[in-house]
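As structure tokens, the structure follows; a few thoughts come after it.
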Amino acid sequence: KAGVTQTPRYLIKTRGQQVTLSCSPISGHRSVSWYQQTPGQGLQFLFEYFSETQRNKGNFPGRFSGRQFSNSRSEMNVSTLELGDSALYLCASSLNPQGASTDTQYFGPGTRLTVL
Amino acid sequence: EDKVVQSPLSLVVHEGDTVTLNCSYEVTNFRSLLWYKQEKKAPTFLFMLTSSGIEKKSGRLSSILDKKELFSILNITATQTGDSAIYLCAYSGGGADGLTFGKGTHLIIQP
């Protein structure tokens, strides 16, 4: 089975722009979670989608949003980019329909976003 | 205040040594505790420990969960240079916060 894939792998944007990141989960996985990883804060949970619905949300501003499509692929959008948004954005998928927090999550390679 | 605290933050040992990595957590509704290994890319899953599975072993790696004292350890025996990585501990409280990760332990194995 192919693993979790994320595109693009690297992205450079300037302050004020917006960005869309994409994630394709492992085949058969319906839950997709997004995380932000920075040297100072470590891995922090952004949100989780299941069956096209946002089920859980972390403590991030409204500039961070996402959606999930019927084929379980997910996109994450960040509007009005700030320098502090520079990070590795990781997507993870899991099988358990009870919720991402109760099952093993498998991570993609991430998208490295740099905001100038 | 961090809910998951890992120690040490970094560790340098020689090949062949045994290392023990620590993870303590505070929890309201514990569901599971997970260990991941992160090299230069995605974290890769190592173990998941739950109330029904408090000890796991895979080759040279093993992990134990102490639910009473709220900590877990990851043990690596006969370390190899390929074990060099950041080891992340995360707990699941079953709530709306996804997985809560510690800052990780940066392990360096010297030949």
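Given a cut-off of 18 Å, what percent of all Cα-Cα pairs of region A:1-67 lie beyond it? Looking at region A:1-67, the distances longer than 18 Å represent 47 percent of pairs.
Report D for chain B in µm² per second (integer): Stokes-Einstein, Kirkwood Rh on Cα pairs, 37 °C, 0.692 mPa s.
After rounding, the answer is 234 µm²/s.
In whole angstrom, region B:67-111 maps to an equivalent ellipsoid with semi-axes of 27, 13, 7, each derived as √(5λ) from the alpha carbon gyration tensor and ordered largest first.
Using a cutoff of 8 angstrom between alpha carbon atoms and counting only pairs six or more residues apart, the relative contact order for chain B works out to 38 percent. Taking every alpha-carbon pair under 8 Å whose residues sit at least 6 apart, chain A reaches a relative contact order of 36 percent.
What is the dipole size for the protein assembly as shown, taken about its Cα centre, with +1 at each Lys and Arg Cβ and -1 at each Asp and Glu Cβ, in debye to the nearest 20? Don't skip to the answer; put the middle values down first.
Working: 22 positive and 17 negative charges, 125 e Å.
I would put it at about 600 debye.
Across the accessible surface of the protein assembly as shown, with the other protein chains kept in place and a 1.4 Å probe, carbon and sulfur atoms take up 50 percent. Distant-in-sequence amide contacts of B:Ser84, defined by a placed amide H-H separation under 5 Å and a gap of 5 or more residues or a different chain, comprise B:Ile109. Which one, B:Phe71, B:Ser84, B:Ser7, is farthest towards the positive end of the dipole of the protein assembly as shown when Lys and Arg carry +1 and Asp and Glu -1 on their Cβ? Farthest towards the positive end: B:Ser84. Other residues within the sphere of radius under 14 Å centred on the Cβ of A:Asp85, judged by their own Cβ, net out at +3 (K and R +1, D and E -1).
Couplings 3J(HN,Hα) for region B:12-29, derived from phi with the Karplus relation 6.51 cos²θ - 1.76 cosθ + 1.60 (θ = phi - 60°), are 10, 9, 9, 3, x, 5, 9, 10, 10, 10, 10, 9, 10, 9, 10, 8, 9, 10 Hz, where x marks Gly and Pro. Normalised by residue number, the volume inside the convex hull of the Cα atoms of region B:39-103 is 106 Å³ per residue. Bridge orientation summary for region B:2-111: considering DSSP beta bridges with both residues in this region, about 90 percent are antiparallel. Here is the list for region B:2-111: trypsin sites (Lys or Arg not before Pro) lying in DSSP coil, each with at most 10 other C-beta atoms within 10 angstrom of its C-beta, are B:Lys40, B:Lys68.
Taking the square roots of five times each eigenvalue of the Cα gyration tensor of chain A, the equivalent ellipsoid has semi-axes of 23, 14, 13 Å, listed largest first. Counting only other chain Cβ atoms within 10 Å of each residue's Cβ, the peptide B:66-78 averages 0. If you take the square roots of the eigenvalues of the alpha-carbon gyration tensor of the protein assembly as shown and sort them as a ≥ b ≥ c, do you get rounded (a/c under 1.5), prolate (a/b over b/c) or oblate? Because a/c hits 1.5 or more and a/b exceeds b/c, the protein assembly as shown counts as prolate. Put the Cα centre of region B:1-74 next to the Cα centre of region A:1-79 and the gap is 25 Å.
The values are calculated or read from the model by the stated rules, or taken from the named source; none is laboratory data. Bear in mind the structure is a predicted one, so any value in this text is a computation, not a measurement. Neighbour counts are summed over all protein chains in view; Cβ atoms, including those assigned to glycine, are modelled from backbone coordinates with ideal geometry. What goes into the accessible areas is simple: the full protein's heavy atoms, side chains included, and nothing from ligands, DNA or RNA. Shrake-Rupley method; radii C 1.70, N 1.55, O 1.52, S 1.80 Å.
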